[in-house]
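Inspection log for the structure reproduced underneath, given as structure tokens.
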Amino acid sequence: MADLFVSYSRTDARFVEKVGGQLRAAGISVWVDTEGIDGGERWRTAITQAINGCRWCMLVLSPRSMASPQVAREVNLAFDKGRAIVPVVYEQTEIAESLQYGLAGLNHVDFTVGTFEDGMSKLRQALGLAGRSQTLHSTELPVDDADWAIVGRGLAFPLRLDVRGAIALVGEGAAIDDSIRMILMTRPGERLGHQELGCDLLDFVFARLDEATRNEISDRIREALNAWEPRAHDVVVDVAPGAWDRELEITVRYLVRGTSERRELVERMSQA
């Protein structure tokens, strides 16, 4: 099977052919749904087999692909199978609601900025990072600092548009901050393909907020971040009483892996 499965709208075929040609020249096998596949059951089986056998699923973002139910089915199947999703922005567009949760926090490749070759350079770099693991958030990711010396720009979480009406982006450490927020807000079992991802803070909604509970929350957050956000290194979590009754202030301090940048993120958790 091919290394990379491409999920796209047929109206963007010329762009996909150009990108696919360059990736093949770089030694990456590419699977693209073309008119060579008969319709019906054979077509669905071929797509399923291609997704099952690939290492990456490249999602070509455009207004046409975001309106395509078939694209949503393909990408959600890739999520469910634990494949690495590589969003590629061909044209600025709003993310379909069915894909917003899964794409939140993932690094992307933006072909709308710079030249086509600039985009290809970023795509080759993204595939080089993704190729070390099945997923962006994975306990199997390498831990050498040199492997994470480059932290790219990512889709903002929650997904939104910027002042230009384009997909909002965040860079470097801010992308990690958004990823940490997503992990804290996610309950294990909620995310397709990553059933263990998350930090089940809802367990503490009715708990006594004493020192023992705060220590347990701190341990749970640290374990979740060590498991699911490998770009955050030397993670320290402090949980203290907040300014209001039944409120906790959660402070996460970490070092961006492969850099000397230290960051601090403060979130508040309130009980009902």
Filter result for N226 (more than 30 Å from H108 (Cα to Cα) and not acidic (D, E)): no
Residue in region 240-255 that is under 30 Å from D80 (Cα atoms) and acidic (D, E) present: no
Residues within region 97-113 that are over 15 Å from the mean Cα position of the chain (by Cα) and aliphatic (A, V, I, L, M), tallied: 1
Condition broken by T259, with the remaining ones in (1) within 23 Å of the chain's Cα centre (by Cα); (2) surrounded by fewer than 16 Cβ atoms within 10 Å (Cβ to Cβ); (3) of a type in the set (S, T, Y) satisfied: (2)
Strands (runs of 3 or more DSSP E) contained in region 217-272 and holding at least 1 residues among the basic types (K, R) and assigned by TED's automatic domain parsing to the domain that holds F204: 247-256, 262-270
Wholly within region 1-108, helices (runs of 4 or more DSSP H) carrying at least 1 residues that are loosely packed, with under 14 Cβ neighbours inside 10 Å and aliphatic (A, V, I, L, M): 13-25
E216 being surrounded by fewer than 20 Cβ atoms within 10 Å (Cβ to Cβ), within 17 Å of G82 (Cα to Cα) and in contact with a helix residue (DSSP H, G or I) (Cβ under 9 Å, 6 or more places away or on another chain): no
Any chance A25 is among the aliphatic types (A, V, I, L, M), over 20 Å from F116 (Cβ atoms) and either without any contact (Cβ under 8 Å) to a residue 40 or more places away in the chain or touching a Pro at 6+ places or on another chain (Cβ under 6 Å) (or both): no
Selected residue [among the charged types (D, E, K, R) and in contact with a Leu (Cβ under 7 Å, 6 or more places away or on another chain)] from D80, D110: D80
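The values are calculated or read from the model by the stated rules, or taken from the named source; none is laboratory data. All values derive from a computational prediction rather than experimental measurement. We place every Cβ from the backbone using ideal geometry, glycine too, and count neighbours over all the protein chains shown.
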